[in-house]
Amino acid sequence: MTSAASTTAEARSPGLSYQQLLETDTRPVPDVLRWQARAEIPVVQVPIERYTARAFHDLEVEKLWRKVWQMACREEEIPEVGDHVVYEIADDSLIVMRSAPGEIRAYHNVCLHRGRMLRDCDGRAEELRCPFHGWTWSLDGALKRIPAQWDFPHVERERFHLPEAKVGTWGGFVFVNLDPACAPLADHLGELPRHFEAWPLEQRYKEVHVAKRLPCNWKVAQEAFMEAYHVGGTHPQLLPGIGDVNSQYDVWGNFSRAITANMTPSPLLQAAPSEQEMLDSMLSRSLDEEPMLRVPEGMTARQTLAMTSRLQLQASVASVNDVSDAELADSFYYTVFPNFHPWGAYNRIVYRFRPAGSDPDRCIMEVMYLAPFRGRRPKPAPVHWLGDDDDWTQAPELGFLARVFNQDTFNLGRVQRGLHAARHSHVTFARYQETKIRHFHALLEAQLAR
Amino acid sequence: MKLRHPFSRAIYESQEDGLVRVEEEGGRVGLFHLDGRWHSGELRDADPHLIGWVGGPQLGGRTATNRIPAMPGAATTPPRPTTTVPKPPTPAAGADPNRRTTSMDLGLRGRKAIVTAATRGIGLAIARLLADEGVDLALCARGAAGLEAARKELEARGVRVFTKALDVGDGDALRGFVREAAEALGGLDLLVCNASGGAGMGEKAWQANFDVDVLHSVRAVEAALPSLTSSDAASVVFISSTAALEYLGVPQAYNAMKAALIAHANDLSQALAPKGVRVNVVSPGPIYFDGGNWEMIKKAMPAIYERALGQCALGRMGTPEEVARSVVFLASPAASYVTGANLVVDGGFTKRVAY
């Protein structure tokens, strides 16, 4: 693993570095948290049309969404033969199908007769029968039946096999690629599986899945979740207990990672908060309330939080006593190009951002929580779609993060609006703290130039 | 909720009326809407993100119990109930973003409801609670002034309110109102038939109770049915009375007509179930509020008042809000499997065994 070739020319926050913070841990810290990797990324500005222009969206469809590996669903959502998820990306639609035991295929969700979508929604099917005239395919994609077959002497069965997309799996996720000539998924993921060795996501179950359409470009939305620089402006209440501007950012191949420490004060604060104030800020305690949890004498807020998390995870994580404070307290947010955001350690969050149809001003944001479990695998949560006017607290299963998402979402539509109103030509990124976004755009530029 | 801004050091505090109060260290104070717009006060600019955080819906904050407004007039109500409102669930702990809250979502946000006779007492309490749950309202009553006051108050709770002054005993006027209401609100999910002809003696009372208590409910359902059947959460609640259930000391049209209403609700619950419309009844016992019947009885016939009070097993009369909570629950998608029920809300006033 490449390690800290730290380019000394880069300015960093004067606050405590993440690597320094790791020295205070009460348990051994896994190597993955020590790994660092910088890359020279020339992109510091990108044109605003990238977020607003229909032409750019069309280019993304052709060169990105129809060419790149993308997360379609969880394997646990399609356990039985015939189970399928309808995965939609821009105007394309796929049936991601458990076609046989141990086999998953993805079919373009279009009848080869007159073009109706074969499946309207997720479900289980014994065969794929078009609701319009009844043309039917078997689960392996072979044309099985045409009503009034005598009328179609010109239809050769072997040429009417359902077109397929490529399928790959990792971490309990099913990935698809619409390009039949694409390289394998493993090439795309690169070293990512090594990062998740300590936290195998295939051994989690999807406990929460909430989806909502947002009035902004999909990149505007996901870029709001790729840095901690916005915390001071957007989530000021978190500052006493979050290492925002001293977060650590690294990039490897097609993925990047941010680490934001919790239970450490923001370097932006003028006065150092007490350990109790750090904990209260994370637990969102009101000034006129008793603390929900007290930092015991001789302990730090960080240790207190880790201790509480260990208790909560006892039932589901076997060796939780050996898990480091860092893995229980901090945020490790990965971005796998182009739109898949699994979090490391025990944060459990996974985000996915997609365009909604062909409108560059609309996107779909999804939040999943992947929870550890012991014993029998619990059933995965179905998608909970929020209405366009609902706020995130309409999904109480999100817990306290719903309110944090409300603060983020408060900005997003106004960002999109502002980008349309802009007289300047480019958005400008921070050199270090917006590393992940710059890395994404460098990959996007390379992808679109192919 | 009350927090100090980490940069400006100003105190942000949510207010009962849904605004957020911001006080700077220098003493300047401003009130702000949840989206950050200034409302009033000397301080005119504050951080919208912290306003949203402090004033935004708490987790579980949309459950009915947490959003009951302070009861107007409750302070002067003699047998003031000790608060029966359960504490809202504690917001989920930050350490575990997965922790589920125990809140029960009534599923009412964005729904549309008609409430008849909604300018006072139980009807107004129902309208207020529905508004707090985010339900758009169509209200009718006889007095235009009362309707206007109710409309102003309810619109301030952030919902659309359509009103029309009419006598619900007038079939054509009532049917017209229901049609216009569904049109104005863009659909209809809930219908609460709350109007009553009141107590009285003689044939005039029989006619009034038949026209208002019974026929207005029958007609309102008929007129609302085309809209209700297009809803995915259609529900009707009739307001009956414990007077229909036990002998009250005087034979009255009110009692018999309220009983008819329960029987008709049962018929409708069976007949409309295939169309996805639930029909239930709430039968309140003695409900005390300023300007209500029991206030009058207390002044004019203290012996009757005392006897009724003595009969309430809970030792007090009920409040309109306590009836409203039952009505709103039964009307809501949270009661999706309840139909044909008669929920008695009487603090133990009736003594029969309700099998």
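The values are calculated or read from the model by the stated rules, or taken from the named source; none is laboratory data. On a predicted model such as this, the values are computed, not experimentally measured, just so you know. Cβ atoms come from the backbone with ideal geometry, glycine included; neighbour counts cover every protein chain shown. Surface accessibility is based on the protein's heavy atoms, side chains included, excluding ligands, DNA and RNA. Shrake-Rupley method; radii C 1.70, N 1.55, O 1.52, S 1.80 Å.
Worth pointing out:
- Distance cut-off 19 Å, percentage of C-alpha pairs in the range B:199-278 lying past it: 41
- Rounded to the nearest 20 debye, dipole of the range B:221-305 from Cβ charges on Lys, Arg, Asp, Glu: 100
- Computed Rg/Rh of the range A:117-270, alpha carbon atoms with Kirkwood Rh: 1.15
- Only protein heavy atoms count here; under a 1.4 Å probe, residue A:170 has an accessible surface of about 40 Å².
- Rg(Cα)/(2.2 N^0.38 Å) for the range B:120-213, N = residue count: 1.12
- When the alpha carbon gyration tensor of the range A:87-160 is reduced to an equivalent ellipsoid, the three semi-axes, largest first, read 21, 15, 11 Å.
- Acute angle (nearest 10 degrees) that the helix B:171-185 long axis makes with the longest principal axis of chain B, alpha-carbon atoms: 20
- 21 Å Cα-Cα threshold exceeded, pairs from A:212/B:112; A:166/A:219; B:164/B:298; B:112/B:152; A:63/A:219; A:67/A:166: A:212/B:112; A:166/A:219; B:164/B:298
- Sequence of A:218, A:385 from largest to smallest accessible area, 1.4 Å probe: A:385, A:218
- Quarter of Cα convex hull surface for the range A:190-306, i.e. mean projection, nm²: 10.5
- Degrees between helix A:435-449 axis and first principal axis of chain A (Cα, 0 to 90, nearest 10): 20
- Taking the inverse of the mean reciprocal distance over all distinct Cα pairs, the Kirkwood hydrodynamic radius of the range A:338-436 comes to 16.3 Å.
- 10 Å Cβ neighbours from other chains, averaged over peptide A:387-399: 5
- Between the residues A:265, A:296, A:363, the greatest Cα displacement towards the positive end of the dipole of chain A, with unit charges on the Cβ of Lys, Arg, Asp and Glu, is found for A:363.
- Taking a ≥ b ≥ c as the square roots of the eigenvalues of the Cα gyration tensor, an a/c ratio of 1.5 or more together with a/b no larger than b/c marks the range A:1-115 as oblate.
- Maximal additional length on extending the residue B:24-residue B:148 stretch stands at 40.9 nm, based on 0.36 nm per residue less the C-alpha distance.
- When the inverse distances between all different Cα atoms of chain A are averaged and flipped, the Kirkwood radius reads 23.6 angstrom.
- Mean separation of Cα pairs under 8 Å and 6 or more residues apart, divided by the residue count, gives chain B a relative contact order of 13 percent.
- Over all pairs of different C-alpha atoms, the range A:271-374 has a mean inverse distance whose reciprocal, the Kirkwood radius, equals 16.3 Å.
- Per-residue shielding of A:350-359, expressed as the average number of other chain Cβ atoms within 10 Å of the residue Cβ, stands at 0.
- Simple point charges give the picture: +1 on the Cβ of Lys and Arg, -1 on the Cβ of Asp and Glu, and for the protein assembly as shown a dipole about the Cα centre of about 900 debye.
- Positive-end residue of B:178, A:96, B:51, charge dipole of the protein assembly as shown with Cβ unit charges: B:178
- A simple count of charges around residue A:410, restricted to other residues whose Cβ falls under 10 Å of its Cβ and scoring Lys, Arg +1 and Asp, Glu -1, yields -2.
- Inter-label distance for residue A:120 and residue A:213, nm, one decimal - labels placed 7 Å from Cα along Cα-to-Cβ: 1.7
- In nm, spacing of pseudo-spin labels at residue A:26 and residue A:379 (7 Å Cα→C-beta vector): 3.9
- The dipole here belongs to the range A:25-120: it is taken about the Cα centre, uses +1 on the Cβ of Lys and Arg and -1 on the Cβ of Asp and Glu, and is about 220 debye.
- Ratio of Rg to Rh over the range A:395-441 (Cα coordinates, Kirkwood Rh, two decimals): 1.10
- Shown for chain B is the translational diffusion coefficient from the Stokes-Einstein equation, using the Kirkwood radius over Cα pairs, a temperature of 20 °C and a viscosity of 1.002 mPa s: 98 µm²/s.
- For chain A, the Cys residues with no second cysteine's beta carbon closer than 4.7 Å are A:73, A:121, A:182, A:216, A:363.
- Computed lengthening from residue A:133 to residue A:322, 0.36 nm per intervening residue step minus Cα-Cα distance: 62.0 nm
- Per principal axis, descending, Cα span of the protein assembly as shown in whole Å: 95, 85, 57
- Estimated [θ] at 222 nm from DSSP helical runs (n ≥ 4, -39500 (n - 2.57)) normalised by residues in the protein assembly as shown, nearest 500: -7500 deg cm²/dmol
- Shielding of peptide A:277-286 by partners, expressed as the average count of other chain Cβ atoms within 10 Å per residue Cβ, is 4.
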